[in-house]
Amino acid sequence: QVRLVESGGGLVQPGGSLKLSCVVSGTIVGTYQMSWHRQALGKQRELVGTISSSGTTNIVDSVKGRFSISRDNAKNSYLQMNNLIPEDTALYYCHLARPGRPGEWGQGTQVTVSS
C-alpha cells in the first residue's frame with residue numbers, strides 16, 4: 001500500500017519561501033499523477049498544481065510564477081513556494097492518482113504566512 005507524508009510547512013513572513021515535501025512509501029507502478037492541493041480555513045480544498053509520471057507540470061494561475069513542483073527518482077514530490085503572501089496560508093496536501101485505483105491523500109502540512 002502506498003502512503004504519502006507531507007512535511008516542510010511552518011510559519012513564514014510575507015515574501016519568504018518554503019519547500020514542501022511529499023514522501024512516498026510503497027511502490028508505484030505504471031503511470032500516475034501527483035498533485036498538490038491546499039485548503040484554507042473555512043474554504044474548499046483547491047488544486048495548486050500537478051506533476052505527471054512523465055514529468056509534465058501544471059501550476060494554477062493564482063500561484064504561477066511563485067510556486068513550482070518537482071520530483072525525484074524515488075517519486076517523491078516537492079512544492080517550492082516563493083514570495084509567499086498571507087493568502088497562501090492553508091493546509092497543504094499531496095495526492096496520488098493512478099488509473100483504476102483509489103486516490104491517496106497525505107495528512108497535510110500547515111503553512112502560515114504572517115508577519
Quick check on my filter: what residues within the range 19-51 are hydrophobic (A, V, I, L, M, F, W, C), within 14 Å of W105 (Cα to Cα), without any contact (Cβ under 8 Å) to a residue 60 or more places away in the chain and touching a Phe, Trp or Tyr at 6+ places or on another chain (Cβ under 9 Å)? W36, L47
Check L79 against each of (1) under 18 Å from P102 (Cβ atoms); (2) open to solvent by less than 40 Å² (accessible area, probe 1.4 Å) and name the one condition it does not meet. (1)
If we keep just the residues of the range 82-104 that are surrounded by 15 or more Cβ atoms within 10 Å (Cβ to Cβ) and of a type outside the set (A, V, I, L, M), which is farthest from G10 (Cα to Cα)? R98
So A74 passes all but one of these: (1) exposed (fewer than 12 other Cβ atoms within 10 Å of the Cβ); (2) modelled with pLDDT of 95 or more; (3) in a loop (DSSP other than H, G, I, E, B). Which condition number does it fail? (2)
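The values are calculated or read from the model by the stated rules, or taken from the named source; none is laboratory data. Given the structure is predicted, the values throughout are model-derived calculations rather than measurements. Quick reminder, even Gly has a Cβ in these numbers, built from the backbone with ideal geometry, and neighbours come from all protein chains shown. Areas reflect the complete protein model, heavy atoms only, side chains present, ligands, DNA and RNA absent. Shrake-Rupley method; radii C 1.70, N 1.55, O 1.52, S 1.80 Å.
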